[in-house]
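See below for the structure under consideration.
The values are calculated or read from the model by the stated rules, or taken from the named source; none is laboratory data. The model shown is predicted, which means the values in this text are computed figures rather than measured ones. Reconstructed Cβ throughout: ideal geometry from the backbone, glycine too, with neighbour counts over all protein chains shown.
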């Protein structure tokens, strides 16, 4: 995997891990091996499509006034958090594709 992709992929995971386990020291080594860029683009394209579909689904629910008005506040909050998570992941994936050139 290109070194430029490593921080994009790992940074959020490492941050949450370090927050949960402050006593653990994290050391990451990036490989200098090459990857099949076409295969990686295809894999990322599939993940982007899946993430976009999830984002559309959650946004449809949140756009439904009846759902927002009648669902428990915790459920609506969970859907808003999912929307943010999917939007953030989509941006991450798009950055990864862009870094492949």
Practice task
Considering only residues that are surrounded by fewer than 12 Cβ atoms within 10 Å (Cβ to Cβ) and closer than 26 Å to residue 98 by Cβ, look in segment 12-25 and name the one that is modelled with the lowest pLDDT.
Solution key: 13
Fill in the blank from the handout: Taking segment 40-79 and keeping residues loosely packed, with under 13 Cβ neighbours inside 10 Å, under 16 Å from the mean Cα position of the chain (by Cα) and closer than 25 Å to residue 16 by Cβ leaves 46, 53
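Yes/no per residue for (1) over 22 Å from residue 11 (Cβ atoms); (2) part of a helix (DSSP H, G or I); (3) touching a residue at least 12 places away in the same chain (Cβ under 8 Å); (4) touching a strand residue (DSSP E or B) at 6+ places or on another chain (Cβ under 6 Å):
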| site | (1), (2), (3), (4) |
| --- | --- |
| 28 | no, no, yes, no |
| 40 | no, yes, yes, no |
| 57 | yes, yes, no, no |
| 62 | yes, yes, yes, no |
| 76 | yes, yes, yes, no |
| 80 | yes, yes, yes, no |
| 86 | no, yes, yes, no |
| 98 | no, yes, no, no |
